[in-house]
Amino acid sequence: MTPAIYGLLFLGLAPVFGGLVAGVDRRVSARMQGRVGPPLLQPFYDVGKLLQKQSRQLNPIMEPMLVGHLIFMAATGALLLGGTDLIFTTFVFALAALLLALAAGSANSPYSFTGAERELVVLLAAEPFFILMMAAVCKVTGANTFEAVLASSQLVAVQLPGVLLAFLLVATIKLRKSPFDISISHHPHQELVSGLTSDMSGRLLAYVELAHWYETALLCAFMVLLFNWSVALGLAAFGVAYALEILLDNSTSRIKWQLVLRSTWVATLVFSGGNVLALFVLGR
Amino acid sequence: MSFFRRSPWILHYDGSSCNGCDIEVLACLTPLYDVERFGVINTGNPKHADILLVTGSVNERNIEIVKNLYRQMPEPKVVVAVGACACSGGIFARAYNIQGGIDRVLPVDVYVPGCAARPESIIDGVVQGIAALEEKRKKTA
């Protein structure tokens with residue numbers, strides 16, 4: 001099959017994958033807390049209900065921006081699997097995340113605005129890492145598309161253990177997991193922490209949820225890039241990483257945004273940067 | 001197909017309750033009762049909520065707040081009054097600042113009796129609330 005077909009398959013299958021991962025996540029989290037938890041398909045029921053509910057439009061630009069957030073998040077994955085340049089896809093990814101922050105910031109409410117500010121901090125913390133990661137993957141494999149990286153004989157994770165470590169840290173942010181869930185959380189928290197979505201109702205919230213499912217599938221694709229010997233190996237690595245994320249989520253408390261920014265920049269510079277530097281010094 | 005039956009999100013508001021009912025509402029979320037089994041989420045945000053769960057009576061100071069929370073909830077929505085105070089004013093009914101039950105200001109769909117209401121009856125009230133939600137959706141759709 002050509003890469004374009006993989007891209008189209010991503011558009012169709014990623015929400016199913018992301019929704020199922022979210023369902024498993026909620027069940028496993030509940031079991032960790034000594035509860036039974038909701039049905040496996042609960043995230044789909046939630047989004048279905050949100051689509052049937054009334055949506056309050058606060059201003060004319062929030063909905064277009066949220067639709068943009070969803071489209072660009074889906075496009076990132078489609079472009080990645082469709083054979084576009086790896087570094088280019090990270091910029092589309094950043095644009096998708098930025099649109100969410102802009103949508104929240106467009107609401108004239110203090111909670112929403114604080115959420116938007118925190119989302120921008122999260123963006124500042126995570127995006128430099130993704131660019132460095134893609135650059136490192138390109139450097140190690142000598143390839144610049146998803147398919148070519150998978151065809152490479154080098155196992156990226158062995159060459160880039162520091163990048164893998166930093167990826168786990170940054171994935172915690174992107175998956176909205178504690179202790180880095182400063183702008184939005186999937187726990188039923190009644191605090192400022194869900195500020196980002198506080199003014200979104202009905203289908204507007206459904207767009208955010210759908211985009212998050214695409215994002216989860218996209219992070220899984222990034223994991224496959226790091227474990228590029230086979231897709232099955234990448235999926236298994238994603239499973240292990242996600243289990244670790246759930247454990248971390250249920251055993252840590254939230255930290256302040258300053259520490260989020262500092263710790264991810266340290267991880268980006270020391271682990272990933274050090275890793276890339278070491279490869280150069282070793283003469284690769 | 002309707003998803004309201006499977007995903008009722010609740011906004012819990014404490015009027016002038018003694019907190020007895022509030023503790024029982026929170027007990028519903030604990031491992032013993034675990035309402036998340038039914039897809040229930042305690043949202044804390046009126047714009048995400050389907051069911052407004054009120055404990056305690058309305059007083060002079062919180063009338064506007066209760067009305068405002070209700071107004072911010074998107075359609076369809078239902079109100080569940082939990083406990084004797086929310087139903088009728090209860091033991092505080094004749095206090096100088098108390099207006100009475102929640103039905104003085106909002107259209108209440110389900111009344112859950114008890115002082116304090118037991119978690120089992122609160123869950124039962126929410127389930128009846130879901131049925132009312134479903135009816136409202138059919139009317140608006």
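The values are calculated or read from the model by the stated rules, or taken from the named source; none is laboratory data. Small disclaimer: the values here were computed from a predicted structure and weren't measured. Cβ sites come from the backbone with ideal geometry, for glycine too, and all protein chains shown count toward neighbours.
For the stretch A:8-40, what are the residues that are under 22 Å from the mean Cα position of the chain (by Cα) and of a type in the set (Val, Ile, Thr)? Correct list: A:Val16, A:Val21, A:Val24, A:Val28. For the condition under 11 Å from the mean Cα position of the chain (by Cα) and among the hydrophobic types (A, V, I, L, M, F, W, C), B:Val127 does not qualify.
Pairs meeting the criteria (first residue in the stretch B:102-120 and touching a residue at least 12 places away in the same chain (Cβ under 8 Å), second residue acidic (Asp, Glu), beta carbons under 7 Å, at least 6 apart or on different chains) are B:Ala116/B:Glu24; B:Ala117/B:Glu24; B:Arg118/B:Glu24; B:Pro119/B:Glu24.
Just one of the numbered conditions (1) surrounded by fewer than 16 Cβ atoms within 10 Å (Cβ to Cβ); (2) within 14 Å of chain A (Cβ to nearest Cβ); (3) not hydroxyl-bearing (Ser, Thr, Tyr) is not true of B:Gly44: (1).
B:Thr43 fulfils the conditions (1) under 19 Å from A:Ser55 (Cα atoms); (2) modelled with pLDDT of 90 or more; (3) touching a strand residue (DSSP E or B) at 6+ places or on another chain (Cβ under 9 Å); (4) not aliphatic (A, V, I, L, M) except for a single criterion, (2). Taking (1) touching a residue at least 60 places away in the same chain (Cβ under 8 Å); (2) crowded, with 17+ Cβ neighbours inside 10 Å; (3) over 21 Å from A:Leu79 (Cβ atoms) in turn, A:Leu155 satisfies each apart from (2). Filtering the stretch A:197-219 to residues that are within 14 Å of chain B (Cβ to nearest Cβ) and charged (D, E, K, R) leaves A:Asp199, A:Arg203, A:Glu209. Identification of helices (runs of 4 or more DSSP H) wholly contained in the stretch A:188-284 with 3 or more residues that are within 28 Å of A:Tyr111 (Cα to Cα) yields A:203-226, A:231-251, A:257-266.
The residues on offer are B:Glu36, B:Glu60, B:Glu24, and the sole one that is among the acidic types (Asp, Glu) and surrounded by fewer than 19 Cβ atoms within 10 Å (Cβ to Cβ) is B:Glu60.
Screening the candidates B:Leu26, B:Leu32, B:Leu52, B:Leu11 for the property of being within 13 Å of chain A (Cβ to nearest Cβ) and either assigned to a strand (DSSP E or B) or at pLDDT below 90 (or both) yields one hit, B:Leu11.
Taking the conditions exactly as written (within 13 Å of another protein chain (Cβ to nearest Cβ), outside any strand (DSSP E or B) and in contact with a Pro (Cβ under 6 Å, 6 or more places away or on another chain)), does B:Glu75 satisfy them or not? In short, no.
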